[in-house]
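In what follows, a structure is listed as structure tokens, so that the remarks can point back to it.
Bear in mind these aren't lab numbers, they're just calculated from the coordinates by the rules spelled out. Bear in mind that the values here come from a model prediction, so they are computed numbers and not experimental data. All Cβ positions, even for glycine, are placed from backbone atoms using ideal geometry, and neighbour counts span all protein chains on display.
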Amino acid sequence: MKPIRHNNRPVDENYKLWRLAIYSRDEFQCQWPGCKSKHRINAHHIKRWADYPGLRFNTNNGITLCQRHHKSIGGQEDNYAPMFYQIIVARTMTERSRKDHEK
């Protein structure tokens with residue numbers, strides 16, 4: 001298995017766990033509206049890794065995107081942050097509601 005890298009550097013265990021948590025929450029599929037691709041997915045930092053070190057491993061700062069959508073937002077991350085946070089909140093509320101109904 002190829003080691004995980006970020007900006008061409010090996011990544012520590014915290015990043016691997018964060019990435020898995022994002023994928024798991026998002027059911028291993030792209031969260032872009034209308035896209036549910038499960039191929040070539042990326043765990044995207046909503047607030048940039050370099051600019052917000054305190055949010056690097058916060059699961060509320062991550063969303064799963066397919067490679068196509070991940071590339072499409074390059075350099076425009078701040079413009080998409082509100083949409084991504086809305087998606088995460090809606091997903092979290094749906095999950096909580098589902099768990100409440102299972103009780």
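Which value in nm describes the separation of the simple spin-label points at V89 and A21, placed 7 Å from the Cα toward the beta carbon?
Here the modelled spin labels are 2.0 nm apart.
Which GluC sites (Glu not before Pro) does the range 12-82 hold that lie in a coil by DSSP with at most 15 other beta carbons within 10 Å?
Passing sites in the range 12-82 are E27.
Can you give me the relative contact order of the range 5-102 as a percent, contacts being Cα pairs under 8 Å and 6 or more apart?
In percent, rounded to a whole number, it is 26.
Considering lysine pairs in the range 5-102 that are 8 or more places apart or on different chains, how many have Cα atoms under 22 Å apart?
Qualifying lysine pairs in the range 5-102: 6.
Per residue of the range 59-67, in order, report the coupling 6.51 cos²θ - 1.76 cosθ + 1.60 (Karplus, θ = phi - 60°) as ³J(HN,Hα) in whole Hz, putting x for Gly and Pro.
Once rounded to whole Hz, the list reads 5, 6, 10, x, 8, 8, 10, 6, 4.
Can you find, among L20, Q86, H39, the residue sitting farthest towards the positive end of the charge dipole of the chain, where Lys and Arg contribute +1 and Asp and Glu -1 at Cβ?
Projecting each Cα onto the dipole axis, the largest value belongs to H39.
Which angle between 0 and 90 degrees, to the nearest 10, do you get for helix 77-102 versus the longest principal axis of the chain when only C-alpha atoms count?
The two axes meet at around 40 degrees.
Could you give the angle, 0 to 90 degrees to the nearest 10, between helix 13-25's Cα long axis and the longest principal axis of the Cα atoms of the chain?
Long axis of 13-25 versus the principal axis of the chain: about 40 degrees.
Which length gain, in nm to one decimal place, applies between K99 and K36 when the Cα-Cα distance is subtracted from 0.36 nm times their residue separation?
That pair, K99 and K36, stretches by 20.4 nm at full extension.
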